[in-house]
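For reference, the structure is listed below as structure tokens.
The values are calculated or read from the model by the stated rules, or taken from the named source; none is laboratory data. Here the structure is a predicted model, which means the values were calculated and not measured. Methodologically, a virtual Cβ is constructed for each residue, glycine included, from the backbone with ideal geometry; neighbour enumeration extends over all protein chains shown. Areas reflect the complete protein model, heavy atoms only, side chains present, ligands, DNA and RNA absent. Shrake-Rupley method; radii C 1.70, N 1.55, O 1.52, S 1.80 Å.
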Number of protein chains: 4
Amino acid sequence: MSDEVTQEQGAHAHARGEAGPHGYSGDKAALLGRLRRIEGQIRGLQRMVDEDTYCIDVLTQISAAKSALHAVAVGLLEDHLAHCVVDAARAGDPTAKVKEASDAIARLVRS
Amino acid sequence: MSDEVTQEQGAHAHARGEAGPHGYSGDKAALLGRLRRIEGQIRGLQRMVDEDTYCIDVLTQISAAKSALHAVAVGLLEDHLAHCVVDAARAGDPTAKVKEASDAIARLVRS
Amino acid sequence: MSDEVTQEQGAHAHARGEAGPHGYSGDKAALLGRLRRIEGQIRGLQRMVDEDTYCIDVLTQISAAKSALHAVAVGLLEDHLAHCVVDAARAGDPTAKVKEASDAIARLVRS
Amino acid sequence: MSDEVTQEQGAHAHARGEAGPHGYSGDKAALLGRLRRIEGQIRGLQRMVDEDTYCIDVLTQISAAKSALHAVAVGLLEDHLAHCVVDAARAGDPTAKVKEASDAIARLVRS
């Protein structure tokens with residue numbers, strides 16, 4: 001891993017106010033696996049369009065990719081609450097972390 | 001292009017009840033371009049996770065990818081209405097095409 | 001029914017380019033019944049807040065009301081496609097109706 | 001207020017592990033005001049359907065009601081994080097509260 005990455009880890013650990021390298025480390029491999037499957041779904045969509053697949057079938061695949069993105073987002077949010085918000089609550093004032101999380105939820109619900 | 005692809009084109013043209021090879025042919029290059037950008041966003045997400053980017057920033061990028069998928073889906077739906085539903089209306093009974101389109105909308109809204 | 005209502009019916013019939021009084025007339029009673037149930041859900045939410053119901057339970061009820069609104073919207077869209085878009089396709093150029101429908105879908109998906 | 005309501009307040013206060021009567025007490029009047037406006041929107045929808053308003057205009061109003069419900073939900077979630085999750089974090093193990101919140105987020109995103 002490069003120095004740059006190590007610095008980002010440091011920033012992230014700092015943001016969470018604890019020593020561990022990252023909030024989603026435990027599930028990092030699983031998370032990357034899910035994102036790779038979504039990448040495969042998007043490439044599948046390109047193939048479908050390239051092969052003039054019936055549009056309703058393309059739309060079904062888009063809905064599936066959207067659901068998979070949702071699942072990743074909700075998992076990340078759960079992780080964020082369990083680490084960043086909880087750590088901030090224990091360290092003192094979690095107001096900023098809570099606001100940040102609920103803004104992310106609002107963006108997700110509306111996107 | 002393989003025989004299999006040619007057959008799929010035929011099926012699609014048939015489904016739309018007209019001679020043209022595919023409903024989204026005019027915008028096919030643009031559509032593929034958008035899907036490739038979304039693929040890039042998903043790969044960017046993997047990089048962010050791999051580099052332990054702060055989870056809120058990952059969530060913002062997920063919302064952006066979701067919005068881009070939405071735009072593709074709405075564009076496909078508009079195309080589907082303008083071609084498949086309109087052709088079916090002119091050819092006779094569009095009931096099945098309309099039901100199919102509204103089922104796709106329902107899936108999209110809930111996904 | 002008042003003159004004003006009759007005028008609105010006329011405008012709607014005109015918009016759809018046919019003689020019938022309204023596109024969702026067949027399901028009008030059912031549609032009103034669903035909206036009244038949603039109104040009951042919203043009043044139930046007020047009661048829950050007034051009685052300091054646990055916030056997660058309030059959120060569950062909000063999700064239920066949102067789903068019910070979705071079902072109404074998708075039903076209206078199906079009706080719109082089956083009447084307004086189909087009539088426009090048969091009468092000549094449905095481009096404006098198709099654009100209007102897909103704009104409504106885009107608003108719905110993002111709201 | 002009835003005994004039943006008082007008991008619910010107690011249960012809610014207990015769930016949050018503190019003495020205050022309810023998590024959204026500060027914003028309760030504002031929250032009720034927003035829900036009453038949404039109730040008005042739903043009644044407006046019934047009037048629109050009853051008067052055969054053009055379906056696209058009904059759909060626009062549905063999208064507005066959905067957005068208003070979203071805003072209420074996100075506000076409740078922020079409140080829940082700021083009170084229930086933060087209190088649980090300080091009192092000991094917030095795992096159950098965090099899971100409960102992320103389940104509510106998942107339901108909201110999908111509804």
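Which of the following residues is more than 10 Å from chain C (Cβ to nearest Cβ) and not basic (Lys, Arg): B:Ser102, B:Ser67, B:Ser63?
B:Ser63
Go through region D:69-111 and count every residue that is out of contact with any Gly (no Cβ under 9 Å at 6 or more places or on another chain) and open to solvent by 40 Å² or more (accessible area, probe 1.4 Å).
Within region D:69-111, residues that are out of contact with any Gly (no Cβ under 9 Å at 6 or more places or on another chain) and open to solvent by 40 Å² or more (accessible area, probe 1.4 Å) number 10.
Count, please, the residues in region D:75-111 that happen to be within 14 Å of the chain's Cα centre (by Cα) and basic (Lys, Arg).
1
Does A:Thr95 satisfy the condition of being free of Cβ contacts under 8 Å to residues at least 24 places away in the same chain, at negative phi and more than 10 Å from chain D (Cβ to nearest Cβ)? Let's see the steps before the verdict.
Values: free of Cβ contacts under 8 Å to residues at least 24 places away in the same chain: yes; at negative phi: yes; more than 10 Å from chain D (Cβ to nearest Cβ): no.
It is false that A:Thr95 is free of Cβ contacts under 8 Å to residues at least 24 places away in the same chain, at negative phi and more than 10 Å from chain D (Cβ to nearest Cβ).
I'd like the full set of residues that are touching a His at 6+ places or on another chain (Cβ under 8 Å) and of a type in the set (A, V, I, L, M), limited to region A:57-100.
A:Leu59
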